[in-house]
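The values are calculated or read from the model by the stated rules, or taken from the named source; none is laboratory data. Small disclaimer: the values here were computed from a predicted structure and weren't measured. Reconstructed Cβ throughout: ideal geometry from the backbone, glycine too, with neighbour counts over all protein chains shown.
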Amino acid sequence: MGKIAFVFPGQGAQAVGMGKDVYDALPHSRAVFEKGDEVLGFSLSKLIFEGPDSELKQTVNTQPALLTTSVAYLEALREQGVQLDYVAGHSLGEYSALVAAGVLSYEDAVALVRLRGRFMEEAVPGGLGAMAAVLGADREALAELCRSISEETGSVELANINCPGQIVVSGSLAGVNSVVQRVKEAGGKRAIPLEVSGPFHSSLMKEAADRLAVELTRVTFNTPSMPVIVNVTALPVTDPEEIRELLVRQVYSPVLWQDSIEWLIADGVDTFVEIGSGSVLTGLIRKIDKTVKLININSLENAQAAW
């Protein structure tokens, strides 16, 4: 049998009502939601279960909500006694992966991502930054187009390398709009502006990263129980201090998701288990390699039937 990797979703996967089934059925999962409410000092669980959606979509809320839901489903899966080899997470999901590997406690992680969300929202005034999903473009050609536009119009960079044919760009509103208009120069079919509250994973997030760096120094980082494939390098990391440093860089660096999955597959991973709301990562991994086994843990039923 090949190796197993647990993967955790980031922003965009949120949905009102996520995790309610494991909250109702499993004491260990319920305890995760209750601990989140306690740490943050407000009823995060009520917002997750009841909405409104507009409030859940705010980055400062989305990040702790998704982390909490992923960890609650992870607790449901732990009851099955699954042995795994690697963990990885997409952007915010990297914090869920670090909890799964024992690097961060859930309590520290949920407090950190609440702050991370706030710092990211505050880094760029509303309306000045943007992101867009580019479909069908060549990676190097798109990177060159971004460099050209950054010199002429306004900063724009590759932000998420998600899978073949799907790359997200991020930066100034003028820069991103220019990519949307000129996408065919990079071989792209079209570009879709995203509903986000800031230009995430771009150099415009440097101020947020600096603020987060201060908070990360106050938290204990443990040696992971298994290697974590990190967004910034798409390589396994086991040194706690290196993980801390890479979390700072992650805020303003591209998420190398496709590269991460390709590295895992090359190392013998043939089963990917997405843990948390939705199935975004499952769809991306399928576009990277159709032959791997994909398991979604986004419901109590799935958690109990997976193994």
Which residue, of 54, 70, 91, is surrounded by fewer than 19 Cβ atoms within 10 Å (Cβ to Cβ) and of a type in the set (Gly, Ala, Ser)? 54
Close pairs from segment 257-283: first closer than 9 Å to residue 7 by Cβ, partner in a helix (DSSP H, G or I) and at pLDDT below 95, Cβ under 8 Å, at least 6 apart: 273/77; 275/77
Matching residues in segment 7-33 - criterion: being more than 22 Å from residue 89 (Cα to Cα) and in a loop (DSSP other than H, G, I, E, B): 26
What is the number of the single condition among (1) in a loop (DSSP other than H, G, I, E, B); (2) closer than 27 Å to residue 18 by Cβ; (3) hydrophobic (A, V, I, L, M, F, W, C) that residue 234 does not meet? (2)
Scan segment 180-203 and give yes if some residue there is part of a helix (DSSP H, G or I), among the β-branched types (Val, Ile, Thr) and modelled with pLDDT of 95 or more, otherwise no. yes
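Does residue 210 fit the bill of being more than 15 Å from the chain's Cα centre (by Cα), at pLDDT 95 or above, closer than 29 Å to residue 56 by Cα and not assigned by TED's automatic domain parsing to the domain that holds residue 154?
yes
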Selection within segment 165-219 - over 15 Å from residue 143 (Cβ atoms), in contact (Cβ under 8 Å) with a residue 12 or more places away in the chain and of a type in the set (Lys, Arg): 189, 190, 206, 211
Report yes if residue 116 is in the same structural domain as residue 245 (by TED's automatic domain parsing) and not hydroxyl-bearing (Ser, Thr, Tyr), otherwise no. yes
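Condition check ((1) touching a Leu at 6+ places or on another chain (Cβ under 7 Å); (2) of a type in the set (A, V, I, L, M); (3) within 18 Å of residue 109 (Cα to Cα)) across all residues:
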position: 201; (1), (2), (3): no, no, no
position: 224; (1), (2), (3): no, no, yes
position: 253; (1), (2), (3): no, no, no
position: 273; (1), (2), (3): no, yes, no
position: 284; (1), (2), (3): no, yes, no
position: 288; (1), (2), (3): no, yes, no
position: 291; (1), (2), (3): no, no, no
Among the listed residues 47, 84, which satisfies the condition of being assigned to a loop (DSSP other than H, G, I, E, B) and out of contact with any Gly (no Cβ under 9 Å at 6 or more places or on another chain)? 84
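The rows are residues; the columns are (1) polar (S, T, N, Q); (2) assigned to a strand (DSSP E or B); (3) at negative phi.
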{"site": "68", "(1), (2), (3)": "yes, no, yes"}
{"site": "74", "(1), (2), (3)": "no, no, yes"}
{"site": "91", "(1), (2), (3)": "yes, no, no"}
{"site": "99", "(1), (2), (3)": "no, no, yes"}
{"site": "108", "(1), (2), (3)": "no, no, yes"}
{"site": "132", "(1), (2), (3)": "no, yes, yes"}
{"site": "140", "(1), (2), (3)": "no, no, yes"}
Residue ID - nearest to residue 295 (Cα to Cα), chosen from residues in segment 34-78 that are acidic (Asp, Glu) and touching a residue at least 24 places away in the same chain (Cβ under 8 Å): 75
Working carefully through the options 205, 226, find the one that is touching a strand residue (DSSP E or B) at 6+ places or on another chain (Cβ under 9 Å), surrounded by 15 or more Cβ atoms within 10 Å (Cβ to Cβ), over 30 Å from residue 303 (Cα atoms) and among the hydrophobic types (A, V, I, L, M, F, W, C). 205
Conditions: (1) over 27 Å from residue 244 (Cβ atoms); (2) crowded, with 20+ Cβ neighbours inside 10 Å. Residue 5 meets all but one. Number of the miss? (1)
Filtering segment 121-156 for residues that are acidic (Asp, Glu) and surrounded by 23 or more Cβ atoms within 10 Å (Cβ to Cβ) leaves a count of 0
Of all residues in segment 69-93, which are among the hydrophobic types (A, V, I, L, M, F, W, C), modelled with pLDDT of 95 or more and in contact with a Phe, Trp or Tyr (Cβ under 8 Å, 6 or more places away or on another chain)? 71, 72, 74, 87, 88
Residue count, segment 243-291 (criterion: among the polar types (S, T, N, Q) and either crowded, with 21+ Cβ neighbours inside 10 Å or farther than 27 Å from residue 80 by Cα (or both)): 5
